[in-house]
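See below for the structure under consideration.
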Amino acid sequence: MPRIRFRLNGAETTVDADPDRSLLDILRGQLGITGPHFGCGANECGACNVIVGDHAVAACDTPLWSVADKNITTIEGLGSPQRPHPLQRAFIAEQALQCGYCVSGVLMSAAALLMRNPNPTGEDVKAALDRNLCRCGSHNRMVRAVLHAAAEMQAR
């Protein structure tokens, strides 16, 4: 079995696995990272989004071989209960989460956006979150939360 190395939430990680297995399968099944959720399995819903480099990607259809030697961030690496990321604080403040199923993927999409564009417009945020499906209808609050976090991060 090939060994694939990558940096996961800041820690060097090596897995022995079929390089064609999905990143989501490795994260959840082999590494115990449960933040990315299985939704559609076809890169259509965003529930499994993680950040690879500075872009949000659907872990469900990302083959393991494609993340070799790359930096991967999941919701577990975004912040902690003791030190939440500004996005996490803003989502709470704006009441931008309902059932929570989509939220980790939405937060990863938003964090990737803010990595590339620290001062987004509402249209930028909508475009970045466009591939994230939320059945609870929290979209407007999510956009407000991302703009709220961006403003907080700019003020630092």
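Per-structure values
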read-out: Segment D18-N43, length gained on full extension (0.36 nm per residue, minus Cα span); value: 7.0 nm
read-out: The stretch 79-155 shape via C-alpha gyration tensor axes, a/c threshold 1.5; value: oblate
read-out: Relative contact order (%) - the chain, alpha-carbon pairs under 8 angstrom, separation at least six; value: 24 percent
read-out: Cut-off 15 Å between beta-carbons: net charge of the residues surrounding A110, Lys and Arg +1, Asp and Glu -1; value: 0
read-out: Cα→Cβ-extended label distance, 7 Å offset, between D69 and R135, nm; value: 4.2 nm
read-out: Net charge dipole size for the stretch 79-155 [Lys, Arg +1 and Asp, Glu -1 on Cβ; Debye, nearest 20]; value: 160 debye
read-out: DSSP beta bridges in the stretch 1-155 [antiparallel fraction, %, rounded to 5]; value: 85 percent
read-out: Residue-count net charge about G100 - beta-carbon cut-off 14 Å; Lys, Arg +1, Asp, Glu -1; value: +2
read-out: Most fluctuating residue given options T74, T62, T13, as computed from a GNM of the chain linking Cα atoms under 10 Å; value: T13
read-out: Extension gain from A127 to R3, taking 0.36 nm per residue of separation minus the Cα-Cα distance; value: 41.0 nm
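Taken together, the values in this text are just the output of simple stated rules run on the coordinates, not laboratory data. Note that the structure is predicted; figures quoted are calculated from it, not measured. Neighbour counts run over all protein chains shown; Cβ positions are idealised from the backbone, glycine included.
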